[in-house]
Amino acid sequence: MPTTISITPPRDYLLHRDVCSYGYFLLAPNRWTPATRTFTRILLLPTGPATIHITQGNTPRPKRGGNLTIHASRTINKPELPDLHDALTRMLRLDETHTHTRAFHKLDPRFKHVGYARLFRSPTMFEDVIKTVTSCNVTWPNTINMNTLLCHHYGPGGSFPTPAIIARLRPANLRGRCRVGYRDARIVHLAKMFNTGQINPTWFQDPANPDDDVRQALLDLPGIGPYAASNIMQLLGRYAYLPLDSESVRHGRTVLGFKGHPAAIMKRIARHFAPMGNQQFRSYWFEIWNHYESKRGPAWTWDRETTGKTFTAAQLK
DNA sequence: GGTAGACCTGGACGC
DNA sequence: GCGTCCAGGTCTACC
C-alpha cells in the first residue's frame, strides 16, 4: 500500500531550485523529471528499499515554502518514519532554515533574488564520499556511469550500496563490474572504515568540531586529497573551503578573466573568494552554477541522459 | 615541502 | 581504425 506524507519545508524552500543545485542530483539512484518537477530515488529503509517521489505543490509554478508531497511506493511503517525523515532532511537540506540562507545572502547579495543557497547532497555521508571519489580525475559522463553501475550491481532494489555491502567486495570485482578503475581498493577501504565505525559520520557532522580538524580527518582518508576533502566539507555543511581543481581554473580563465598558469590562477581564485569567509564555497559554487545555467538553461530542465552529461566547463568550450 | 609520474576509463581529436 | 590526450585528483617516490 503506497504511503503519502506531507512535509513543511523552510519558508524559502523551492524544490526544483534547491534539488537541481549540485551535480549529484544527476547521479544514480537520484532521478529528476523536468516535465513534472519530480525528484525520485530509491531509499533503503529499515524494512527494505522504497521508491520515493517528491513534488512541491500542484501548480506548474510551485511557490517558495510550499509543502512537499512525499509519495512512497510501499507502506512506510511508523518505526521507519524517523529514518525517512532524516534521509529527506539531509538530502534536501531541510535543516538549513531561512536564517541560514539569509546569512549567505548577506555576504553575497548576488544570489538573494534567485535564492541560491542550498546544495543538494546524499542521504548519507558515505554516499557523498563515494560520489566524490567517483568524480575525481574522470569526465562527468564517466562519473554518471560509475554511480549507475554501483546502484545496479550492489544497491538493494536499486538504491545506493551500503558500506557493509561494498566492504565485503574484492576490489577487482568492484572494478570489473562498476568500471571504477584504480579507485577500486580506495572505495572498498572507505566502505570498511564506515562499516567498522572508524569513520563516524556523527563526529564529522557535529558543528562543535572545528573545520580544520574535520578537514584534516578527511585528508587522512584513502582516496581523499585536497579537492575531495573541500568538496566533502561543503557536503557536511561547512562552506569555508574551495575545492580548487581544473574546473576552477577554467572558470577563472573564462568567467573571471584571470591569466597565467593553473597554479597561479588557483591562488587568484582563493584570494578572490577569501572575503566570503565561511561562506566562500557557496559564493564560488553558485557563480560557477550560474555560468553553467547561462549556457545550458536552468538546471531543473536538465535531463541526465542529455544536457546532464554536458554541463561541465570542459564541455562548454 | 615540493614535484614528476603512474594510475583506470572512455570520449574527443588528429592522422 | 589507431594512437594520444585528458578529464571536477590522489598517491608515492624522489630530491
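The values are calculated or read from the model by the stated rules, or taken from the named source; none is laboratory data. What you see is a predicted model; the values in this text were computed from it and never measured. Note that we place each Cβ from the backbone using ideal geometry, even for glycine, and neighbour counts take in every protein chain shown. Surface accessibility is based on the protein's heavy atoms, side chains included, excluding ligands, DNA and RNA. Shrake-Rupley method; radii C 1.70, N 1.55, O 1.52, S 1.80 Å.
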What is the residue count in region A:141-155 for residues that are within 16 Å of DNA strand C (Cβ to nearest atom) and open to solvent by less than 30 Å² (accessible area, probe 1.4 Å)?
4
For residues that are open to solvent by less than 30 Å² (accessible area, probe 1.4 Å) and among the hydroxyl-bearing types (Ser, Thr, Tyr), scanning just region A:243-297, find the one that is farthest from A:VAL114 (Cα to Cα).
A:SER248
On the given criteria, is A:LEU174 outside the structural domain of A:ARG74 (by TED's automatic domain parsing) and either buried (at least 18 other Cβ atoms within 10 Å of the Cβ) or of a type in the set (A, V, I, L, M, F, W, C) (or both)?
yes
Would you mind stating whether A:LYS106 is touching a His at 6+ places or on another chain (Cβ under 7 Å) and surrounded by fewer than 19 Cβ atoms within 10 Å (Cβ to Cβ)?
no
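Per-residue answers, yes or no, for (1) closer than 22 Å to A:PRO109 by Cα; (2) in contact (Cβ under 8 Å) with a residue 40 or more places away in the chain:
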{"position": "A:GLY223", "(1), (2)": "no, yes"}
{"position": "A:HIS251", "(1), (2)": "yes, yes"}
{"position": "A:ILE265", "(1), (2)": "no, no"}
{"position": "A:ARG282", "(1), (2)": "yes, yes"}
{"position": "A:GLY308", "(1), (2)": "no, yes"}
Determine if region A:156-163 includes at least one residue that is surrounded by fewer than 18 Cβ atoms within 10 Å (Cβ to Cβ), free of Cβ contacts under 8 Å to residues at least 12 places away in the same chain and within 29 Å of A:ILE54 (Cβ to Cβ).
no
Out of (1) touching a residue at least 12 places away in the same chain (Cβ under 8 Å); (2) more than 23 Å from A:SER248 (Cα to Cα); (3) open to solvent by 20 Å² or more (accessible area, probe 1.4 Å); (4) within 16 Å of DNA strand B (Cβ to nearest atom), the one A:LEU94 does not meet is (4)
Candidate set from region A:180-205 (those that are away from DNA strand B (no atom under 16 Å from the Cβ) and open to solvent by 60 Å² or more (accessible area, probe 1.4 Å)); member that is nearest to A:SER283 (Cα to Cα)
A:GLN205
Reported set for region A:216-242 where residues are open to solvent by 50 Å² or more (accessible area, probe 1.4 Å) and in contact with a helix residue (DSSP H, G or I) (Cβ under 9 Å, 6 or more places away or on another chain) is A:GLN216, A:LEU219, A:PRO226, A:TYR227
